[in-house]
Each structure stands twice: as C-alpha cells, then as structure tokens.
Amino acid sequence: RRTPGTTLSFYRFPRDPERKQRWIAAVNREGWVPNEGSRLCSTHFISGKQVKNPRSPDYVPSVFTSAPLSPNTKEASACEMYDKQEAQVEAANALLFLQGQGRFLEDHGQMRSQEEPESISSSLSSCDEEDDQTEDGIEEEISLTSVNQRGSPVQSIPSEYESSLEALKKENMELRESIEKMSLTEASFKNDPEKVRFYTGLPNYFVFETVMLLLVPHMKGDKNAKLSKFQQLLLTLMRLRLDLRNQDLAYRFGVKVATVTKTVHRIINIMFTTLVPTAVFWPSRVELRKNLPAALRCTYPDCAVIIDCFRVSLEKAICVDVNQEVASTALTVPAQSTVNELKYVIGVAPQGVVTFVSRGSPGHVSDKHLVEGSGLLCKLLPGDVVLAEHDFDIGGLVGACKAELKITSCSYNENSQSGEDFSLVGALSDKMNVHRHVGNVIDMVKRRYCMLTGPVESPFTVIERTSNVSTFDKIVQVACALNNLCISAAPLE
C-alpha cells in the first residue's frame, strides 16, 4: 500500500497456483522459485500497480529491463527486444485508455534506457492489503492520457469527447430514474403516493408501512426466501388490488407460480388473524353517537348499523352441501346444490366504516336466513336501530334483540308530492341518502380491490380445515379492513 511521499510498492507472489506460475514465468529467472519473503516491485507493472482483473494487462507483471534472460532469449537481438517491449507497452496502454483506466506511465523511460534513479522511498505491502484497499471503495482520480512513441504523456481529451461524456452521464441518470420508477422496490414506493395507491389501494406509504409493522412479527423470517417481507406484502396487495393472475405476478417478481400462490395464501391468513380484528370491529354506542353524521342525527339518532347484501360470481360453478355450509341458519334445502355466486351481508357504521362482514353463502339463500346465521344479531343492543335499503324480513329477529329495524326504501307514502308535508320530503331524502351511503361503501371496496368484483377462482372457494373459512371469505374481510384504513365513503358532517 502506498503512503504519502512514496512512489513504489512491493507485492507478494499470488497464492493462486496458476497466476503465481505466470508471475514466475514473467520474472524469467532460470531455476528460481519464490519463497515467502519474495516481493515484486510496482515498476514491473504498466500502470504502476497490480490489478486483480484477469482481463487487465497488469494481471501479470510485464515490464522487465534488467532481468536475466534464459539461453533461448539471449539469442534475440537488443533491437528486437526493444521493439517488442515498445509494442507491448503501447498496446497495453491503448487497452487501458479504452477501459477508462489510462494513466501517465511515469516509469516508461526505465524500460528502454538506464537513467539515474531518483531518490525514492518505498513501502512494503501485501496483496491482501491491496485487495482491502480496493474493496473499501477507495477511488483515485484518473486522467485520460495517451503515450506517444517516445513514452511522453500527451493530454488527449478533446472538447467533443467531454460533451459526449456529459451527454452519456445525463442519459445514464435518466435511465436509472426510469428503471427506478418501473421497479417494485421499497425505495421506489417511499416518495411516490400515487404508485402506492395504484398498486396497493392504500392512500400513502405511511399506511402501507403501518400495515407492514403489524404483520412483520407474524411473518416467517426464512433466510432462503426469494421474496423479502416487503415484496410478500406488496405481491399480495397487488393480487387483491389489480386481480392479477399468479403467472403475471411470477413474471413481475421473478419467482415461480407456486411461490406466488403460497405467498398470497400465507399473507392473507396473517392479515385475517391480525389486521381484520384491528380494523373491522363493532364500535361502542358512545362512539357511534359521538361521531354520528348530521344527516342522521335528527332522523335516526340511535342508528347502530346500516346493512346490505352484495354478490360475487364464481369462475366455475361448484356443488356444495348447503346444509353444511349454512348449518347455523337451519335452512331446509336439497343436500347438494350448484352454486354460481356467493352472497355476503355487510354492516356499515353511519360514519362510513365497515363494522361487520358475514361469511359467503350460496346466492339462492334468502336475506333473512343469511342475516340469521351471520352472527350480526348477536352484536345488537336494546334500543339500537338497524337501517336496511329494502325489506330484509328480519323485523322479528331484530325485535327479539329489543332493537328496531327501519326500512329506507322509497315505497313510502306519496303525500309528499302534494306538498302537504315538506318535512316528509326531507325525511325521504335522508332515507335515500342512507341507501346511497352504504352503496358507496360497497362500491368503494370493490373498486379499491378488484378481486371482489369476481369471478372468483375455484382454489379460493375451498374451505380450510383449520379455520373452517374459505380463502375468499378471508379476502373479503381483509379488503374491508384495508378499506377502513382509507378515507371514509361519507364525511362526518
């Protein structure tokens, strides 16, 4: 390693047998074998130091002027030897110049004539130390020069080359920025909210990071995993958000389809057990009344939930044991039934937050039986008001919980058309707003996570033995939980 005030370095012979043999051959001392103390001066290298790159001329020392020659070499004339060394030096320097590694060949004069050596100080250094210096990223400024026939350095940076170099640097930077925008790395998402919204449905990176922090303790830390934890969550959200097929995601992330399938199912299970209980819950009556929107304070001050149903078609019709699927509904139907769609009941708080989602049931199940077996009634308190857009025929079930069902459909008294009761017009308008309110929430969830629009792929409809819940039922609840992390469908006031 060179130190300030020195111009020479000494190198140990390489440990690699092949390279060491090439060094010995270059030294060209008949019968000589280097030992542990043998060193080679830096003047024997064209650039003044050894290079570890096998393609470099300085991978093996090549500058020797006074080394003893073998008997066969001694027969060559001094003129031929000079011409050969001159050609080697110029060819090697041209290669270094093209590779951007050209430098002044300060010791070139020593190869052709014996001049009086300057007073120099040298320092010993090992190959290992030189490697450390290179690995530590220590860079030197290298000036692009060429060498004339006499060996004198000549400056060779024309102005057109400088402009071309600047243009190439600018183009390189633009290409890097373009690749960064197209890549799916964590850094590319941090300062790009639009990219976060497009690929994940979440409003910004802060929300994404919050979800990540919640899931990380439950994610496997497999050192051999091909996807990082960030990529696993991103891949799953892209599956829900854009409804991309597994093969598409496999190409995007550079993994196999089986890896995508396992990742999606694993992350969905983690979000179902951690995120859903945190984001989808039934609020207390105090919280409901405290944040009740102004549109409902006069008409339905005790409103606890607004319910509605939505359907999702299946990619392939399946035959299910309906009595087993909805056993809690005490439904009497044929044992085997063909199902083309799934039906869900969803409960939305007046503030626009999803507070309840049922499991999927066959599409032909009535609203009454669906609500009865969903577990929604168990959450009602005496005095609560349940709003519904059409007749769910659950007035008796709700009444048994000492709550009240209010239907907000437009099939009410038409006296408002005569202008006799303007207050009824306002009430009817509020009821229509309630209907649009819950409809907006459902539409927002489906727009934000397109996988809920269907058709549902068959593997997602299989009920897991451990949880007795299908993967798509988990996906519906996860999508509602993620939607609750975003802006509400209805403002508070």
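Of note, residue 169 satisfies the criterion of being free of Cβ contacts under 8 Å to residues at least 60 places away in the same chain and either open to solvent by 60 Å² or more (accessible area, probe 1.4 Å) or touching a strand residue (DSSP E or B) at 6+ places or on another chain (Cβ under 8 Å) (or both). Residues that are among the hydroxyl-bearing types (Ser, Thr, Tyr) and out of contact with any Phe, Trp or Tyr (no Cβ under 8 Å at 6 or more places or on another chain) were ranked within region 29-47; the one that is modelled with the lowest pLDDT is 47.
Looking at region 349-372, which of the residues that are more than 32 Å from the chain's Cα centre (by Cα) and touching a residue at least 60 places away in the same chain (Cβ under 8 Å) is most open to solvent (accessible area, probe 1.4 Å)? Before you say what the answer is, go through the steps one by one.
Narrowing region 349-372 to residues more than 32 Å from the chain's Cα centre (by Cα): 349-351, 361-372.
Subset that is touching a residue at least 60 places away in the same chain (Cβ under 8 Å): 349-351, 370-371.
On the way: 349: 3, 350: 2, 351: 22, 370: 6, 371: 0 Å².
Looking at the filtered set, the residue picked out is 351.
Number of residues in region 197-210 that are out of contact with any helix residue (DSSP H, G or I) (no Cβ under 6 Å at 6 or more places or on another chain) and either assigned to a loop (DSSP other than H, G, I, E, B) or over 16 Å from residue 486 (Cα atoms) (or both) equals 1.
Restricting 230, 253 to residues that are at negative phi and either modelled with pLDDT of 95 or more or open to solvent by 20 Å² or more (accessible area, probe 1.4 Å) (or both) narrows the list to 253.
The values are calculated or read from the model by the stated rules, or taken from the named source; none is laboratory data. In this text the structure is predicted, and so the values were computed from the model without any measurement. All Cβ positions, glycine included, derive from the backbone under ideal geometry; neighbour counts span all protein chains shown. Side chains included, ligands, DNA and RNA excluded: accessible areas come from the protein's heavy atoms. Shrake-Rupley method; radii C 1.70, N 1.55, O 1.52, S 1.80 Å.
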